[in-house]
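Heads up, the thing below is written out as C-alpha cells.
The values are calculated or read from the model by the stated rules, or taken from the named source; none is laboratory data. Because the structure is predicted, anything quoted here is derived from the model rather than measured. For neighbour counting, all protein chains shown are included, and Cβ atoms are generated from backbone atoms with ideal geometry for every residue, glycine included.
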Amino acid sequence: MPTFELSELLNAATDEEGTILRRVAIKAKVLWQCRNSDCGLDMPRTEARCTSCGHDRDGRPIGDRIPPTYGAIPDELLTALRAALAEWFTERSRPLPDAVTFTYTDMYESHDWSEWGTLHFGGHTEPCCNFDGSDVAETLIELTEWEAPHWCDKLTIALPR
C-alpha cells in the first residue's frame, strides 16, 4: 500500500476536502486535535503535547508529574522546589517556564536528581538548563534523601502563573 504525507494531501485539498481528510486522520489516530478551547490545532500522533499551547491530548495544561515508582512527595518539599525554581528564574531575569522536568540518570553515581532541567514553555521545550550550586539543586538533594529515584525517572514540576 502506498504511503502519503498527510501535509501533501491537505495542501492539495480544497477546504471541504481538507476538513474530511482531517476527520479521517483523527479517526485513524494519525492526528489528534488539541482540546484546549483556545487552540484546537491538529497534532501528529507522535506529539504528546500540543506544540502551540502545551496542553495534553485530554486538554489539560502541563502539571506536576511524579514518577509512579517514586510515591507521593511531601507538600513542603514540592513547595520548596517551586519557590527555589521561581527565585532562580527571577534572579536571572529569565522568563518563568510552565514547568521544569528533571531526570534521574545517576551519571556520576551521585544517586541524586540531575541538576540539569528541561524547561517547558507552552508547546515547546528548551533542554539543558543548569541549576548546579543553586537552591534548586539543594532541594533536589532533599528529595533524594526523602526517597531515591529509579533509573531514568522523570520529575516534572509545574510553576504556577
Cβ-Cβ distance below 6 Å, separation of 6 or more or different chains: which pairs start in segment 68-93 with a residue that is under 23 Å from Trp151 (Cβ atoms) and in contact (Cβ under 8 Å) with a residue 24 or more places away in the chain and end on one that is surrounded by 14 or more Cβ atoms within 10 Å (Cβ to Cβ) and of a type in the set (S, T, N, Q)?
Leu81/Thr139
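Take the residues in segment 114-161 that are in contact with a Cys (Cβ under 9 Å, 6 or more places away or on another chain) and in contact (Cβ under 8 Å) with a residue 60 or more places away in the chain, then tell me which one is surrounded by the fewest Cβ atoms within 10 Å (Cβ to Cβ). Working first, answer last.
Filtering segment 114-161 for residues in contact with a Cys (Cβ under 9 Å, 6 or more places away or on another chain) gives 116-119, 122-123.
Narrowing the set further to residues that are in contact (Cβ under 8 Å) with a residue 60 or more places away in the chain leaves 122-123.
Details: Gly122: 17, Gly123: 19.
Filtering first and then ranking leaves Gly122.
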Give the residues of segment 27-46 that are at pLDDT 90 or above, touching a Phe, Trp or Tyr at 6+ places or on another chain (Cβ under 9 Å) and outside any strand (DSSP E or B), sorted by residue number.
none
Does Leu21 qualify as being surrounded by 14 or more Cβ atoms within 10 Å (Cβ to Cβ), modelled with pLDDT of 85 or more and more than 19 Å from the chain's Cα centre (by Cα)?
yes
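So which residues in segment 11-23 are out of contact with any strand residue (DSSP E or B) (no Cβ under 9 Å at 6 or more places or on another chain) and not polar (S, T, N, Q)?
Ala12, Ala13, Asp15, Glu16, Glu17, Gly18, Ile20, Leu21, Arg23
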Might you let me know whether segment 99-108 holds any residue that is charged (D, E, K, R), closer than 29 Å to His150 by Cβ, touching a residue at least 12 places away in the same chain (Cβ under 8 Å) and surrounded by 15 or more Cβ atoms within 10 Å (Cβ to Cβ)?
yes
Residue check for Asp15: at pLDDT 90 or above, of a type in the set (Asp, Glu) and either over 18 Å from Leu143 (Cα atoms) or in contact with a His (Cβ under 7 Å, 6 or more places away or on another chain) (or both)
yes
How do the pairs read when you match residues in segment 47-67 that are outside the structural domain of Gly122 (by TED's automatic domain parsing) with residues anywhere that are of a type in the set (Val, Ile, Thr) and part of a strand (DSSP E or B), using Cβ under 8 Å and keeping only pairs 6 or more apart or on different chains?
Ile62/Thr156; Gly63/Thr156; Asp64/Thr156; Asp64/Ile157; Arg65/Thr101; Arg65/Thr156
Tell me, please, whether a residue that is surrounded by 10 or more Cβ atoms within 10 Å (Cβ to Cβ), assigned by TED's automatic domain parsing to the domain that holds Cys152 and of a type in the set (S, T, N, Q) can be found in segment 72-88.
yes
